[in-house]
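The values are calculated or read from the model by the stated rules, or taken from the named source; none is laboratory data. Note that the structure is predicted; figures quoted are calculated from it, not measured. With ideal geometry, Cβ positions are generated from the backbone for all residues, glycine too; neighbour counts draw on all protein chains shown.
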Amino acid sequence: MTSSSSKAREGPLPGGSRSASPYARFIPREELQGFAAWAPESLVGDTPGAGPATPGADPSTLPADAEARLVEARAAGYREGYRDGLVALDEAKRAHEARVSAHAADLLRSVDEGLQALEVQLAEAMVDTAVALARQVLRTELACRPELVGRVAAEAVSTVLASARRIELHLHPQDLPLVAGSSCDIEAIEARGTRVVADPSISRGGCRVESDLGRVDARIEARWTLAAAALGVALPWLDPADLP
């Protein structure tokens with residue numbers, strides 16, 4: 001057994017002492033022969049069937065077919081990478097073009113809507129200006145030619161149905177002599193048996209005809225309101241500052 005043989009090799013201790021030395025388990029160096037220091041890389045050579053370790057293979061030492069396959073693999077990888085890069089670039093370009101087109105479309109739509117709104121505002125402003133100018137021209141015309149009230153009165157009376165029996169023509173007091181001074185107009189008015197009434201509530205230049213069959217409002221305010229409404233403008237004949 002191992003313990004017996006170890007004790008046999010140890011032999012009797014000097015001086016007849018039986019106490020065991022801690023170094024009695026080691027073999028003395030002078031008794032060893034043919035040994036060498038152990039190194040980890042020695043395991044590679046000791047592995048059964050394993051040859052000596054070889055460094056990385058040098059491409060120059062590869063066989064011709066292996067080198068050709070390596071070159072072809074590199075070329076194929078380059079071609080695939082180049083192709084994938086072109087595809088990604090094309091997709092990025094299309095996405096960028098789509099974003100730019102959408103942004104341009106939104107910008108054009110916004111500009112078009114702004115122009116349309118501006119056109120509407122300009123048209124409304126032009127109509128308002130034209131109506132205000134027409135009102136001023138009409139006022140000036142009535143002031144310069146007040147005798148026109150006779151024509152207005154004659155036209156208003158002529159619109160009354162012929163079957164009407166009671167006809168009254170309401171005029172501003174200052175317009176009475178103007179109507180009476182117009183021979184043709186006063187003849188047309190008197191031919192219908194019209195009674196002329198001075199009415200301070202009627203503005204100068206207009207009149208109102210009343211009969212048993214209805215009323216004809218030929219006041220200048222009413223006629224102007226209808227004309228302005230036809231143009232889509234709510235501009236009164238009299239300004240608020242002109243009202244008493």
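Search the range 167-187 for residues that are in the same structural domain as Gly206 (by TED's automatic domain parsing) and surrounded by fewer than 17 Cβ atoms within 10 Å (Cβ to Cβ) and pair each with any residue that is among the acidic types (Asp, Glu) and not in a strand (DSSP E or B) when their beta-carbon atoms are under 9 Å apart and the residues are at least 6 apart or on different chains.
Matching pairs, first to second residue: Pro173/Asp199; Gly181/Glu147.
Do we find a residue being part of a helix (DSSP H, G or I), without any contact (Cβ under 8 Å) to a residue 24 or more places away in the chain, surrounded by 12 or more Cβ atoms within 10 Å (Cβ to Cβ) and of a type outside the set (S, T, N, Q) anywhere in the range 141-149?
Yes - at least one qualifying residue is present in the range 141-149.
Mind checking which residues of the range 129-150 are among the aliphatic types (A, V, I, L, M), over 15 Å from Gly232 (Cβ atoms) and out of contact with any Asp or Glu (no Cβ under 9 Å at 6 or more places or on another chain)?
Leu133, Val137, Leu138, Leu142, Ala143
From the set of residues in the range 146-184 that are of a type in the set (Asp, Glu) and under 19 Å from Ser211 (Cα atoms), which is farthest from the chain's Cα centre (by Cα)?
That would be Glu168.
Tell me, please, whether a residue that is touching a helix residue (DSSP H, G or I) at 6+ places or on another chain (Cβ under 6 Å) and at positive phi can be found in the range 193-215.
Yes, some residue in the range 193-215 is touching a helix residue (DSSP H, G or I) at 6+ places or on another chain (Cβ under 6 Å) and at positive phi.
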